[in-house]
1. Does the range D:346-361 include one or more residues that are more than 14 Å from chain B (Cβ to nearest Cβ), modelled with pLDDT of 95 or more and in a helix (DSSP H, G or I)?
2. For residue B:4, work out the one condition from (1) surrounded by 24 or more Cβ atoms within 10 Å (Cβ to Cβ); (2) away from chain D (no Cβ under 14 Å) it doesn't fulfil.
3. Going by the conditions given, is residue C:278 buried (at least 24 other Cβ atoms within 10 Å of the Cβ), within 17 Å of the chain's Cα centre (by Cα), in contact (Cβ under 8 Å) with a residue 12 or more places away in the chain and facing chain D (nearest Cβ under 9 Å)?
4. Among the residues of the range C:158-175, which ones are crowded, with 21+ Cβ neighbours inside 10 Å and either more than 9 Å from chain A (Cβ to nearest Cβ) or assigned to a helix (DSSP H, G or I) (or both)?
5. Give me the pairs, please: first residue somewhere in the range D:181-201 and away from chain C (no Cβ under 12 Å), second residue anywhere and surrounded by fewer than 24 Cβ atoms within 10 Å (Cβ to Cβ) and part of a helix (DSSP H, G or I), beta-carbon distance under 6 Å, and either six or more positions apart or on two chains.
6. In the range D:12-28, which residues are closer than 30 Å to residue C:274 by Cβ and either touching a residue at least 24 places away in the same chain (Cβ under 8 Å) or out of contact with any strand residue (DSSP E or B) (no Cβ under 8 Å at 6 or more places or on another chain) (or both)?
7. Of the residues C:92, C:84, which is without any contact (Cβ under 8 Å) to a residue 24 or more places away in the chain and farther than 26 Å from residue C:215 by Cα?
8. Which residue, of D:139, D:113, is surrounded by fewer than 18 Cβ atoms within 10 Å (Cβ to Cβ) and more than 22 Å from residue D:65 (Cα to Cα)?
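The values are calculated or read from the model by the stated rules, or taken from the named source; none is laboratory data. What you see is a predicted model, and the numbers here were worked out from it, not measured in a lab. Cβ placement follows ideal geometry from the backbone for every residue including glycine, while neighbour counts extend to all protein chains displayed.
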């Protein structure tokens, strides 16, 4: 804790860019690294979740991501549940470069209501492809669509907002009681973002299978500008991982997965997230660079189309290769945006680790 | 305290960019947030004061800002009290891009004397519109024009300079005795800038209703270049808030409002100012971006037209929307320059707060 | 040690850019400075080793570097041992500007197998020129080509990889046992990179004559992006120098040379490397700027042509003068890229030192 | 002291950009500020010395600077003592933009020998104008020309090099014994640069009237690149000021002036130098911006024309006004490059000080 001024103290916190992983005295062979990620009843070939953002996950790419061995999550308040066929809207948006015009158009397009029958149809489409099914809702609309989602049959129910707390207080409406909701639900819930020990601990007590750490990928910096709110990811994960450990003891053995969600633009960031204590990482930006991503080189999250207070902007990225190449290579760039799985494998092997759980203990350093 | 060298020690201080606000384990609904700001006999709908700068406040925009629910302050040594109708001068200035030519022209235009009768007329114009009336003078000229201002009937008398102290020492002239002056005056006084615990405490003892923390908005960096003087805002506010608390005790209950004045270019900065202990914020840059701002896309403060030692420059900003849109949205940018009131509301709700006074205690972190 | 978050602590580490050397109260004359570097049976006129990178070392430049008084190392897995005459390939690569096209072409060109007879021929060519002979292999292929190298007759056998550990664990293949290998070998071995006290100590115990500190020059930043792994050089060297001292005691007097390998783009960095405890420095970037460097203004390391996960890119540099001018001047630039030997001499003299070993104790400061 | 690595510790140091001056609770009127600087037998109207650099000081500008009330120092190894009339050379250099061509041409032009009779003539020219006379030599050539300088009749003899120590050790030549030299000389000596407590203390013991703190203005960053040597100015001055205090005691009352020499590009830096403990400041960059400066918009120091290892480059600056305007205004820029004297006066008054000696105690803060 340091002193900001005579009446205020503060902790010093760190983001991924502030830290680096240090090799041990041992090295391993990358092919010996085991990346299997098991959560609830399911196992995945790598600990990466594709973020529920329209520029990244469509029913088609969610299926593709599942076939590659991961968990893709569809945003159930996105274009695919507002429109029967949003393809032309994606094309239209891709042709708008001016950020203010883009924001206005996003605000208009997303004003179209979400339709329950489309939620059911999209979930069915993914399930029919034989891959794990997951959809996300904001906490504000979870109550409204939860039963439709549950009935549609999902493997994971994701509740994702800028900040989600176990204790939302409101006067004008009855807020979502997360604990009762999750208890009543028949499918495992992943919920977040959160960014502190206390907030995470309370979310863990709701019975969630996993908590998302962060405020949503690309919007981090904008949230800082607009709201003044930010918790850099390295510190946030290390705090939430402590909550996981303490809750494990308190609950007599319930292991809640810590899923980093934000600032994961490079494969090195994914390795750092695990090194800080994450069990898995929800990625978006690297996937937005795939040639088959719905965003067609553009990337945006739900905060970009808020009707009165957008807190993110569409970002433009070069497309570097197919989704499969982004995940498994071969990489033709050296900036950490391709072969995410190979890079994580190599990072762990270089530092002498073969298990993700062990790699959470690897030494890190701070480099200002 | 750290050591600069063997003969010098220094405190480490922080600006808004160095800190971020951390959510608690609770969230609230933005519409439940109460932003009412009461100072002296008046109440405002939000704790924002429009800065007395010619590029931001004209009689017309002061009235508009008042009608929106805030307190607009007119600079009584600006163009509106030097010229019967400065409209063409604003247009002329807006057409000059070269900074040196602009500085020369500003120096020439502001060489015209301030006229007492114009001070009276401008104040009357605002009063007649039925909104709170406030005008500002520099400490150097307060004595000269104070009785005119008082007679004109204002709700707040603002004394604003780069650095205003309760104890100005001069040999060639009799300096303004702030304590006697404020005691004799019939209207509440807001005075500053100040930036340290001691300076603020002494200003509070003069009987001021509020103190301004800072050295004036956009000029901060330039003041550092020219004078070497700077106190980053987060630390300055946290120090002055400590003076408020200690003076409250010392005075047996007089609560002097701490008003952040500087480096508030983004809505997130306003939230941070309160998080550091401010009761309200004096804003300028975001207002200069309004299409109806007098500066026509340019922004400057009094330090820009100093005849021999200008310590600020005009700055160019994109115009993003009407003054009402800047204050209440809908925002079409995601950079914290629109919907200032909505952003503050959202920031507090996200962190679980509904009262400004409570939000002064929200946790902040330092992120280098 | 500082706290990243509740479950993670970290050391704060420093790179060359974070530190500076401080003069003492004494100054010396540059011509009095003794730069002789003796390792194993050989002595060199300055403590600089030319890095085994194709853009820097060809048989011709290795010879030239040796004649100038230093030790040039040829990469035995580079183009010169894959192709009878790679001259046209260098020309072709120099004509490709697009980084992705360059990476694809590098991946294709380096897919050609390494040929034992070319290793033997290249080593002979250098030996016949009467200069010290050194070749490098990656740890993965050391076993395969070691006997050819040994038979070819080298003065130093360099084993160089991103991270080389004394304890490589693998399930699918029998890993290289460095200790047995080095014991069996008849020539002195220089091995690395390593970046921590523990890793270095274990490498020293293998019997190596020298250890390389770092992860390979220009690739440092990229490795951070791709793998999240980095140890800034100033701290890494200071840690490894502590291992040298402790191993000296543990071994009863075996002095293992610490050779900085990475982030040495400017002559000032070389001085800093020694100031942190290095005995010598392996340089590449400044040599890539020579008009007679094989890279023709381009510079790349082995990590740039990895078939699936490249972790470096070719970098473009202005050519500033001949290899001799780069080493001895006269310099016509003031950025630390020319007259490396003269600059080191001047740096030591300015600080009052004439011996490299003493200069390891010069005072340094941290300047964020 | 912090730990770089296991075998190396370091102090954390600060430059002018890292610190800022904090106002006290008192303010003063600028016209009450007393800037008089008395050293040895002379008094100046402000504590600023013009640096002995060819781009800044010619006989004509040294006279002009003296008439304005300051001390101008002519470089006695510059173009004015190598050439009868260097005017055309200045014009020729001003026309060369390419840095490498400029360095080559500087190296050639400065190869012309320094002539004793020109030293005498230049000093006489300045003396005849009725202003204080000062000339500088490098320590390497002080012995050679000292008697000529002394005979020419100067008020101050300046010995200035990148690093000047009281204890220079050399084998091939008899080094200058500063103590004996200064004792024998009939005029007061100002000597430097130095940057540490120990080095400064030893220079003070030689009998110097003043010590220069720094490594020479614009070359600081380049010296870091080339030699790895740097001591940021705020810390250096605070250390040397401690040596002044301790030497004052040790010598029983001899007050040696501490003159900041480097990184003083803005008026705010001059204020900071005094705030850190300097008695006066040697300025160059702001003077190079005068329309009547010899450099014609270019600025360079002796390190730029070193024949084999240049450690500085010519820098290009916009010309902003006459030398008088640079010193006294009116300023038309707000970046601290004009009205240096007015800015220092304003800075001290804003913080409540009227005496330079007292201003050395003003509070400063560190702002990373």
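1. No, there is no match, as no residue in the range D:346-361 is more than 14 Å from chain B (Cβ to nearest Cβ), modelled with pLDDT of 95 or more and in a helix (DSSP H, G or I).
2. If we test residue B:4 against (1) surrounded by 24 or more Cβ atoms within 10 Å (Cβ to Cβ); (2) away from chain D (no Cβ under 14 Å), just (2) comes out false.
3. On the way: buried (at least 24 other Cβ atoms within 10 Å of the Cβ): yes; within 17 Å of the chain's Cα centre (by Cα): yes; in contact (Cβ under 8 Å) with a residue 12 or more places away in the chain: yes; facing chain D (nearest Cβ under 9 Å): no.
Spelling it out, it is not the case that residue C:278 is buried (at least 24 other Cβ atoms within 10 Å of the Cβ), within 17 Å of the chain's Cα centre (by Cα), in contact (Cβ under 8 Å) with a residue 12 or more places away in the chain and facing chain D (nearest Cβ under 9 Å).
4. C:158, C:159, C:160
5. Close Cβ pairs (under 6 Å, with a partner that is surrounded by fewer than 24 Cβ atoms within 10 Å (Cβ to Cβ) and part of a helix (DSSP H, G or I)) amount to D:189/D:182.
6. Filtering the range D:12-28 for residues closer than 30 Å to residue C:274 by Cβ gives D:12-18.
D:13, D:14, D:15, D:16, D:17, D:18, listed by residue number.
7. After ruling out the rest, the residue left standing is C:92.
8. D:113
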